[in-house]
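Notes to accompany the following structure.
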Amino acid sequence: MTLHRRLIAALILLAFAAPGIAETTLIHAGQLLAVPGKAPAARQTIVVEDGRIIAVKNGYASAADFGGDVTVIDLSKQFVLPGLMDMHVHLQGELGPKNDSEALKMSDQLMQMRSIFFAMNTLRAGFTTVRDVGSSEQEMYAMRDAIEKGWIDGPRIIAAGGVGITGGHMDVSGMNPDFMEILTSTNICDGPYDCRRATRNVIKYGADLVKITSTGGVLTDRATGTEQQMEMDELKEVVLAAARMGKKVASHAHGEEGIIAALEAGVASIEHGTYTGPRAIKLFKETGAYLVPTLLAGKTVATMAVESEFMSPAIREKAIRVGNDMAGSFEKAHKAGVNIAYGTDSGVSQHGRNAEEAVLMVAAGMSEMDVIISATINAADLIDMSDSIGTIEAGKFADIIAVDASPLENIDELLDVDFVMKGGKVYKD
């Protein structure tokens, strides 16, 4: 290479390496719910730089007030609020006969492409952060990390590693025994010390949290019920092993004894909580654990059990019973003051329809504001990210959505989100 060409190459590298001038984005919000739980304010400007909010100002600031490259986003006729969060999704699939049969024909690589498609449906629906609590783990960790690095688009993902017992809800079921032997995870465990090993193993390979199943599940293709299945010594050992490594535990649980056992063991959240009764409510309030209700999943499986033929008799019976019982228990738990974090179990329902959970929560007696709090402030607290997301305040990521009218007056507005920004980047306008 000649000296001249070397000089040109060096200048090109310097151009890429030199820090650029931060681009400023001004968002003019007609109505702004900056902090759910507080009253919205009119005619506000959100100032965004480098993916974060640097200020929220009264009135509509002018681009001339800021030096450098300034973009103005006009949401002056819309209602603006923080990006929503879904604390219970499964981004690698969708329940149904067609999707299940397609999955058997897909390569792992094609499955991952479909997962990205599902993730983008979720993001465009206004859900800028999700907690995936049950997917093929290395593929989910890879998607989480690729999104974080900016290589692909999608919601921010908090990804769980699963620990379950032999024959439990997290174990494989309803297949040829040879297939089950091949597909059984190394993180299926029995007894406290084996479950300690499995917990450490999922954390070793990249889990942000640990997901367990203290009770049976609806979609387990065995007639083993939905009551407690993990023993207390197993539950306690998982929670302790996770805590030693700084990780929380989420427990799938339907039956009350299994809910109580998981709460006594120290889990951070109960997923579903279908048969939450007075004893469980008392423990929820004592521990501060969150209930992630997933009413949409209940409605979805109960409807599928009646309207389709692909469910086995064991699954169909559980789907009708559990699906129809979820809303009543949720209403009692909420009225009693249990902490609620928003979750849908999308993957059972269709990805991108996550806001339908909000409609069901309001129908079950929760106020519109409390629903939004559950999907913002409470969700951020559950995943230990309150300092970065959940409100529209200086220093936090610019995760911002907008709808045509106030969801505080009509929660159905969340079903049609018009504008989505995550980390300062616009994904829907």
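The values are calculated or read from the model by the stated rules, or taken from the named source; none is laboratory data. Computed from a predicted model, the values in this text were never measured in an experiment. Glycine gets a Cβ as well: all are built from the backbone with ideal geometry, and neighbour counts include every protein chain shown.
Points worth noting:
- Residues of segment 320-345 that turn out to be touching a Ser or Thr at 6+ places or on another chain (Cβ under 7 Å) and either within 26 Å of Ser136 (Cβ to Cβ) or buried (at least 21 other Cβ atoms within 10 Å of the Cβ) (or both), as a count: 10
- Some residue of segment 230-247 being assigned to a helix (DSSP H, G or I), closer than 21 Å to Val371 by Cα, of a type outside the set (Ser, Thr, Tyr) and modelled with pLDDT of 95 or more: no
- Taking the numbered list (1) crowded, with 17+ Cβ neighbours inside 10 Å; (2) at pLDDT below 95; (3) of a type in the set (Gly, Ala, Ser) in turn, Ala223 passes all entries but (1).
- Residue check: Gly162 meets all listed conditions (1) assigned to a strand (DSSP E or B); (2) in contact with a helix residue (DSSP H, G or I) (Cβ under 6 Å, 6 or more places away or on another chain) but one, namely (2).
- Those residues of segment 393-429 which are within 19 Å of the chain's Cα centre (by Cα) and either at pLDDT below 95 or among the β-branched types (Val, Ile, Thr) (or both), in sequence order: Ile400, Ile401, Val417, Val420
- In segment 406-422, the count of residues that are at positive phi, touching a Phe, Trp or Tyr at 6+ places or on another chain (Cβ under 9 Å) and not in a helix (DSSP H, G or I) is zero.
- If you check Leu415, Leu408 for being within 21 Å of Ala302 (Cβ to Cβ), outside the structural domain of Ile157 (by TED's automatic domain parsing), touching a helix residue (DSSP H, G or I) at 6+ places or on another chain (Cβ under 9 Å) and of a type in the set (A, V, I, L, M, F, W, C), only one passes: Leu415.
- Of the residues making up segment 55-71, those that are surrounded by 15 or more Cβ atoms within 10 Å (Cβ to Cβ) and within 30 Å of the chain's Cα centre (by Cα) number 1.
Per-residue answers, yes or no, for (1) among the polar types (S, T, N, Q); (2) in contact (Cβ under 8 Å) with a residue 60 or more places away in the chain:
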position: Gly365; (1), (2): no, no
position: Ala375; (1), (2): no, yes
position: Ala379; (1), (2): no, yes
position: Leu382; (1), (2): no, yes
position: Ser388; (1), (2): yes, no
position: Asp399; (1), (2): no, yes
position: Val403; (1), (2): no, yes
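- Met311 without any contact (Cβ under 8 Å) to a residue 60 or more places away in the chain and assigned to a loop (DSSP other than H, G, I, E, B): yes
- Checked against the criterion of being on the phi > 0 side of the Ramachandran plot and more than 19 Å from the chain's Cα centre (by Cα), the candidates Gly352, Gly337 yield just one match: Gly337.
- Hits in segment 323-340 (condition: out of contact with any Pro (no Cβ under 9 Å at 6 or more places or on another chain), part of a helix (DSSP H, G or I) and within 19 Å of Ile373 (Cα to Cα)): Glu331, Lys335
Residues are listed down the side, and each one gets a yes or a no for (1) assigned to a loop (DSSP other than H, G, I, E, B); (2) modelled with pLDDT under 95:
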site	(1), (2)
Ala22	yes, yes
Thr25	no, no
Gln31	no, no
Thr45	no, no
Val56	no, no
Asp86	no, no
Gln92	yes, yes
Asp100	no, yes
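- Close pairs (8 angstrom Cβ cut-off, 6 or more residues apart or separate chains): at negative phi and aromatic (Phe, Trp, Tyr) in segment 204-226, at pLDDT 95 or above and assigned to a strand (DSSP E or B) anywhere: Tyr205/Gly161
- Gly154 falls short on exactly one of the conditions (1) at pLDDT 95 or above; (2) assigned to a loop (DSSP other than H, G, I, E, B); (3) over 25 Å from Tyr342 (Cα atoms), and that condition is (3).
- The residue pairs whose first member lies in segment 52-74 and is closer than 20 Å to Ala41 by Cβ, whose second member is at pLDDT below 95, and whose beta carbons are closer than 8 Å, counting only pairs six or more residues apart or on different chains, are Val72/Ala63; Ile73/Asp429.
- Scanning segment 306-313 finds no residues that are touching a Gly at 6+ places or on another chain (Cβ under 9 Å), farther than 19 Å from His169 by Cα and modelled with pLDDT of 90 or more.
- Residue count, segment 245-263 (criterion: over 18 Å from Tyr275 (Cβ atoms) and not hydrophobic (A, V, I, L, M, F, W, C)): 3
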